[in-house]
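Here's the structure, in structure tokens; my notes come after.
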Amino acid sequence: MVKHLKENRGQAIVEFALVLPFLLTLLLGIIEFGWLFNSWLTITSSAREGARVAAVNIDVSNDSVQMAVKRHVEGLSGFVFDDVNYTSKNSLDAATLSVGHAAVAIEPWDINNRSPGSEVAVYVKGSVKPLVGVFVQHPVEIWGQAVMRRE
């Protein structure tokens with residue numbers, strides 16, 4: 001009986017050493033996904049906040065919409081807001097953002113084209129660096145958009 005116990009002494013450590021890489025990979029994947037998902041939620045929520053300001057307020061300026069998005073983005077995350085006026089989704093799409101930065105585009109850009117019943121679209125683009133960097137090594141562009149009907 002004593003001889004049988006001596007033969008199994010290192011078995012648990014060897015099994016743990018074999019399973020540990022898989023567990024760490026799974027844990028790092030969960031952390032990475034959570035980080036990127038949180039960034040996407042922040043960007044999408046910020047676009048919704050800007051669209052809400054543009055849809056509810058009468059004669060609201062583009063600067064007011066951008067400030068609403070900026071307060072929301074900078075209040076919830078580590079994003080820094082770029083104060084560049086992108087007049088359409090296409091111009092925002094062509095823009096290259098630094099890591100950790102976000103920018104907004106509003107359509108229609110011309111305030112005179114926003115009549116009650118028309119739609120206002122707010123697009124927010126952010127560039128986020130992966131937290132862990134095991135599965136995704138390069139910065140990721142995250143988009144958020146919200147479309148609301150003017151009241």
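Details
A quick yes/no check of all residues on (1) within 21 Å of Val132 (Cβ to Cβ); (2) part of a strand (DSSP E or B):
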site: Thr25; (1), (2): yes, no
site: Arg48; (1), (2): no, no
site: Val53; (1), (2): no, no
site: Val60; (1), (2): no, no
site: Met67; (1), (2): no, no
site: Ala121; (1), (2): no, yes
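- Which numbered condition Arg52 misses (of (1) of a type outside the set (Phe, Trp, Tyr); (2) touching a Ser or Thr at 6+ places or on another chain (Cβ under 8 Å); (3) over 12 Å from Val104 (Cβ atoms)): (2)
- Pick from segment 41-88, criterion over 17 Å from the mean Cα position of the chain (by Cα) and among the charged types (D, E, K, R), ranking: farthest from Tyr123 (Cα to Cα): Asp59
- Scanning segment 49-87 for residues that are under 27 Å from His138 (Cα atoms), of a type in the set (Lys, Arg) and crowded, with 16+ Cβ neighbours inside 10 Å yields one hit, Lys70.
- Selection within segment 108-120: residues that are surrounded by 10 or more Cβ atoms within 10 Å (Cβ to Cβ) and over 11 Å from Met148 (Cα atoms). The member of this set that is farthest from the chain's Cα centre (by Cα) is Asn113.
- Residue match in segment 15-30 (condition: under 15 Å from the mean Cα position of the chain (by Cα) and of a type in the set (Phe, Trp, Tyr)): no
- Selection within segment 128-151: residues that are of a type in the set (Gly, Ala, Ser) and under 14 Å from Ser46 (Cβ atoms). The member of this set that is farthest from the chain's Cα centre (by Cα) is Ala146.
- Restricting segment 121-135 to residues that are β-branched (Val, Ile, Thr) and at pLDDT 85 or above, the residue that is surrounded by the most Cβ atoms within 10 Å (Cβ to Cβ) is Val124.
The values are calculated or read from the model by the stated rules, or taken from the named source; none is laboratory data. Just so you know, these numbers come straight off a predicted model, no measurement behind them. Please note: Cβ atoms are built from the backbone with ideal geometry, for glycine as well, and neighbour counts cover all protein chains shown.
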